[in-house]
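The structure appears below as structure tokens.
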Amino acid sequence: MLSEATQIQLGIVTILSPITSFALIVAFALRRPTLAKLISLGAATVSLIGASTLLWGVNDPDFRIAASWAWLLKEPAGLSIGILLDPLSLVMLWVVAVIAWLVQWYSLSYMEEDERQGKFFAFISLFCFAMMGFTIAPNLLQSFMCWELVGLGSYLLIGFWNHLPSAATAARKAFVVTRLGDLGFFVALLLAWSGFGALDFGLLSDSGMASSWKTTLAGYDYGVWISLALFLAVIGKSAQFPLYGWLPDAMEGPTPVSALIHAATMVAAGVYLLARMGFLLVLGSESTVAVWRGLAGLAMLTALMSGAVAIVQSDIKRVFAYSTISQLGYMVVGIGSGAVVAGMMHLFTHAFFKALLFLTAGAFIHAAHSNSITDIARAGGAKLKLPMIALTVGSLALMGFFPFAGFYSKDAILEHLFAEGDWILFGAALLGVLITSYYTARVIFLMLKVPEDKHEHGHHLHLGSWMKLPLTVLAVASLVAGNIWLLKSHSWFHIHEAEHGSAALITAIVSTLCALTGAYYSARVFYWKSSPDPLATMTGVATLLREKWYLDEAYSVIVHKVYLPFTAMLQRFELTIVKGALDGVGKVSMSTARMLARAMTGEVQQYVGVSFVVVAAVLLIILNR
Amino acid sequence: MNDFLFIVGLLTALGGGLLAVIARNLFHAAIGLAATLAGTACLFVPIGGEFVAVIQVLVYLGAVAVSIVFILMLSPPFYLKRVHRNALKLLGAVIVTLVVAVPLFAAALAAGPAKGSTAAAPTVQQIGRALLTEFVFPFEIISVLLTVAIIGAIVIARDLPEDEQAVLAEKVPAVKEVDA
Amino acid sequence: MTTLTSYLVLSVILFLFGVFGLMERRNLVGLLISVELMLNAASINFMAFNHFMFPGTVTGQIMTLFVIGLAAAEATLFLAIVFAVYRHYRSVNVERVDHLRG
């Protein structure tokens, strides 16, 4: 059992390791790929060891070590930075550290032909620092700063191949859309500061603050306002409707980036933030709880919408991107409806199997030099053994089949909805399970079913050597992560959700049935070709899905019809009024000067006369004192 | 005796002053100035300034007023021309004079009661001693100043070198009717 | 008759004559004459104060002597300037000398 001081030091080392890596690479190794890789992976190893040591040493749900150092103001105003080590943060930290390590190991192969590798690893290190800093932030301020920094890292990495205009556009889109969400975070910060004078999570979640959270401000209590503000941030960062348009486009970045950032960590930051603020469900008023339920509803809608779009994607990464949006929706549903631990569990398992799926996709892409599923299939992708196994394992986990990891976490959420009697959400969630397995199985079947007329001459595809380890590790994790969680979660969290015996069995059976139905129907359509594609007939629906519910068009309309005219108006205001005022000041001085210059007649007698009068006046004043 | 000198001096000074500023003919003005200076010298005597009175006559009257008359002699006869009166300028002059008059009179009339002039007038020896002890610095400086003034006057008033004269001739308006 | 006040009033009147002349005259030499009037009035002031307020001292008279000397130097330079002005403007009308207008 490590001492508290040692744990704090370990935490600090874990966090500072990636930023040191970033600094070192930028200073010495931008053009020395081997050195950069060494530094980066070394730092990742240090972080992994640190995070693991810290996590596996926790055996008490009330474990909490917090240390802050005043940065601008002392506590409780909380303009300080520091670390907060409790089971929630350590679990997340561990997930980040593991995935980051595996992704970097994988990138040794994936990025080997890129000449800007040094920069890549530098950016990944920067991102890791930001993500870890966010995870163990003890107060809203550090959370926010690292949240923004994470967004920066995402921008840099999405647009890494900056010679591609599509990548640059995607990076910008991601940054701007999430920035809109960040506005919400900032508002929440301001509200907390002005309302309570404190930003520290420990202080905010203290039971004594319950009354503060219920104080009203303009008709609604603080709990409601701050929740709504944070929801905006979560919707942006975790890609819920209507701010999810950036995530599919973010697939323009290298696949390791997609795996790390847009599957396991950054997009999960929103979910983590919700979990962190989960005390509001306890301390907040009924309206606060209702608002959280509303978010859950929105998230369920997102899950269904994005799942549907995933059905028609031909780019393998986009299938998984929409799948991520959908699964994030599930996590938010879990937390929003009160099952915070279940939501976090899904985050935990999803990180592993989704990262696995992305890295697998990357292996295929790297081998076949194309993102399209049919291209990969034609090139003989199915012949790559390890990736196919990984794809199968990951898909089974995603579809939620026993005993893979996804089964336990998805079921936990479904159980909770069932037990709460929330039939609408429960039904919708089951529908989502069906859709999920439909599109997931579709990928496998399309890979297996190579069109007969086009057999490529079977040139050998090879798997990158560094890719083997991560794929294997993640495949194993996708199998056992659920069990690990069930084993350890009692020492991490207070499990309020009691094990509903019969409910658990019912939901397990029902959800498995749904998943099987989806997979079976998918097989009929894509593998055995015994059923026609349902979307071939429902052309209207098909168009909607292909156009991604016209979301990007909606963005475009809003920007062009609302935002740009508004800025144009402001610019006109600036030019006419502000500039006019400034010019006016100049003009007034000029005309005043010209007026005064008329007094300069050049006639000496006038000058003398004036000075006489002035002196006489002064004399008068002096004499009268 | 003192009163008599005072009256004479006052009348002469004021009369001369009036003539000096009113007269159209500058010669008359110069005469007026001379009269004022003489009257002032007269005024100095009753208050123990005999030495200064003499110096006033010698230097002021004898040098300054005379040099003014020289210049007037050497210039064209302006007084022969009829000049248009500028009413506005006259008004301005009157106003300025009146404005300046107010505080000056106020100060003059507010001067405290004079001590009796029982003490003896300063003697020339006293003045001489003061010039060479207490006031030796200004005394020496004024000689420097006079030298500089002479040199400066020569520099300002001398003819320009040949080339600059040609340049000047182009810029200067043609000789026309001079006016006062 | 010879009181301080009468001397002071006399010097003020003389000074005012000088001011009026300075404002009204157009000829440069006329200006000079007015200025000399003002200086003279100041001298009377000095002498009067010396006699009536500080008998036994000699400072006022010394001042007057210096004023006379300075007036001489000033008149000299003034007249030199009249020469230079005439050369440039072909006129000794002070209203013509307005090149610093604007």
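FYI, it's all coordinate maths here, none of it is from the lab. Every value quoted in this text rests on a predicted model; they were computed, and no experiment measured them. Counting neighbours? That spans all protein chains shown, and the Cβs are built from the backbone with ideal geometry, glycine included.
Starting with the highest mean, order B:98-104, A:578-584 by the number of other Cβ atoms within 10 Å, averaged over the residues of each peptide. Don't skip to the end; give the middle numbers.
Values: B:98-104: 18.1, A:578-584: 10.3.
With the highest mean Cβ count within 10 Å placed first, the list reads B:98-104, A:578-584.
For A:HIS163, A:HIS262, which order do you get if you count the other beta carbons within 10 Å of each Cβ and list the fewest first? Display every interim value, and only then the final one.
On the way: A:HIS163 6, A:HIS262 29.
Going from sparsest to densest Cβ surroundings: A:HIS163, A:HIS262.
Compute the acute angle (0 to 90°) between the alpha-carbon long axis of helix A:385-399 and the principal axis of greatest extent of the alpha-carbon atoms of chain A; round to the nearest 10°.
70 degrees
Which is farthest toward the positive dipole end of the protein assembly as shown among A:GLY284, A:GLY245, A:SER47, measuring Cα position about the Cα centre, with Cβ charges +1 (Lys, Arg) and -1 (Asp, Glu)?
Checked the options; the winner is A:GLY245.
On a 0 to 90 degree scale, rounded to 10, what angle separates helix A:33-56 from the longest Cα axis of chain A?
Orientation of helix A:33-56: about 80 degrees from the principal axis.
How high is the relative contact order of chain C, in percent, with contacts defined as C-alpha pairs under 8 Å that are six or more residues apart? Numbers along the way, then the final one.
On the way: 84 pairs, mean separation 27.4, N = 102.
RCO, chain C: 27 percent.
Quick check: from the Cα gyration tensor, does segment A:185-320 come out rounded (a/c under 1.5), prolate or oblate?
Prolate, because a/c is 1.5 or more and a/b exceeds b/c.
Sort out for me the Cα centre separation of segment C:71-100 from segment A:99-119, rounded to whole Å.
91 Å
Mind jotting down the distance between the C-alpha centroids of segment A:149-191 and segment A:307-336, whole Å?
So the two Cα centres are separated by 20 Å.
Which one, B:PHE51, B:PHE139, B:PHE105, has the greatest fluctuation when you compute a Gaussian network model over chain B with C-alpha springs under 10 angstrom?
Of the options given, B:PHE105 has the highest mean-square fluctuation.
Between A:MET595 and B:PHE105, how high is the FRET efficiency from 1/(1 + (r/R0)^6) when r is the Cβ-Cβ distance and R₀ = 22 Å? Nearest 0.05.
The pair A:MET595/B:PHE105 has a calculated efficiency of 0.05.
Taking the Cα centroid of segment B:1-44 and of segment A:235-275, what is the distance between the two, rounded to the nearest whole Å?
The two parts, judged by their Cα centres, are 106 Å apart.
Quick check on chain C: take the gyration tensor over C-alpha atoms, sort the square-rooted eigenvalues as a ≥ b ≥ c, and tell me if it's rounded (a/c under 1.5), prolate or oblate.
prolate
Going by average Cβ neighbours within 10 Å, how do the peptides C:83-95, C:7-19, A:330-342 rank, with the highest at the top? Let's see the in-between values first.
Values: C:83-95: 16.8, C:7-19: 23.5, A:330-342: 27.5.
Packing order, densest peptide first, comes out as A:330-342, C:7-19, C:83-95.
Students often get this wrong, so check it: of A:LYS354/A:LYS449; A:LYS119/A:LYS561; A:LYS385/A:LYS529; A:LYS354/A:LYS561; A:LYS173/A:LYS548; A:LYS488/A:LYS548, which have C-alpha atoms separated by over 28 Å?
A:LYS119/A:LYS561; A:LYS354/A:LYS561; A:LYS488/A:LYS548
Calculate the dipole size of the protein assembly as shown relative to its Cα centre from +1 charges on Lys and Arg beta carbons and -1 charges on Asp and Glu beta carbons; express the result in debye to the nearest 20.
1400 debye
Once you list every other residue whose beta carbon is under 15 Å from the beta carbon of A:GLY580, what net charge do they have if Lys and Arg are +1 and Asp and Glu are -1?
Local net charge: +1.
List the residues, sorted by chain then number, that are 5 or more residues from A:ASN139 or on another chain and whose placed amide H is less than 5 Å from its amide H.
Hits under the 5 Å cutoff: A:PHE201.
Can you compute the helix-only [θ] at 222 nm over the protein assembly as shown? Use -39500 (n - 2.57) per DSSP H run of at least 4 residues, normalise by all residues, nearest 500 deg cm²/dmol.
Values: 39 runs with 638 residues, N = 907.
One gets -23500 deg cm²/dmol as the mean residue ellipticity at 222 nm.
Angle check, please: helix A:340-368 long axis (alpha carbons) against the longest principal axis of chain A (alpha carbons), in degrees 0 to 90, nearest 10.
The helix A:340-368 is inclined about 80 degrees to chain A.
Taking chain C as a Gaussian network, Cα atoms linked when under 10 Å apart, which of C:MET23, C:MET47, C:MET63 shows the biggest mean-square fluctuation?
C:MET23
Using Cβ counts within 10 Å as a stand-in for footprinting exposure, how do A:HIS369, A:HIS346, A:HIS416 rank, fewest first?
Sorted ascending by nearby Cβ count, the order is A:HIS369, A:HIS416, A:HIS346.
Would you please state which residues of segment A:371-411 a label at A:LYS529 would reach in this model, taking the label point 7 Å out along Cα→Cβ and a backbone N cut-off of under 15 Å?
A:378
Using the crude model of +1 on Lys and Arg Cβ and -1 on Asp and Glu Cβ, and no other charge, please compute the dipole size for segment A:1-81 relative to its Cα centre, in debye to 20.
540 debye
Once amide H atoms are built 1.01 Å from N in the peptide plane, which residues 5 or more positions from A:ALA66, or in another chain, come under 5 Å H to H?
Correct list: A:LEU85.
Counting only other chains, and only Cβ atoms inside 10 Å, what mean value do you get across the residues of B:158-170?
Taking the mean over all residues of the peptide, I get 1.
For chain A, just say rounded, prolate or oblate: build the C-alpha gyration tensor, square-root its eigenvalues into a ≥ b ≥ c, call rounded for a/c under 1.5, and beyond that prolate if a/b exceeds b/c, oblate if not.
It comes out prolate by the Cα gyration axes.
³J(HN,Hα) across segment B:48-65 via Karplus (A = 6.51, B = -1.76, C = 1.60, θ = phi - 60°), whole Hz, x for Gly/Pro?
x, x, 5, 4, 4, 4, 5, 4, 4, 4, 5, 8, 4, 5, x, 9, 5, 4
Quick one: order A:GLU286, A:GLU148 by neighbouring beta-carbon count within 10 Å, fewest to most.
Ranking A:GLU286, A:GLU148 by Cβ neighbours within 10 Å, fewest first, gives A:GLU286, A:GLU148.
Residue by residue through B:141-153, how many Cβ atoms from other chains fall within 10 Å of the Cβ on average?
Averaged over the peptide's residues, the number is 4.
Put +1 on the Cβ of each Lys and Arg and -1 on the Cβ of each Asp and Glu in the protein assembly as shown; which of A:GLY195, C:MET23, A:GLN327 then has its Cα farthest toward the positive end of the dipole?
C:MET23
Give, rounded to the nearest 20 debye, the magnitude of the charge dipole that chain B has about its Cα centre when Lys and Arg contribute +1 at Cβ and Asp and Glu contribute -1 at Cβ.
Working: 10 positive and 11 negative charges, 139 e Å.
Rounded to the nearest 20 debye, it is 660 debye.
For peptide B:14-27, what's the mean number of Cβ atoms from other chains within 10 Å of each residue's Cβ?
For this peptide, the per-residue mean of nearby foreign Cβ atoms is 5.
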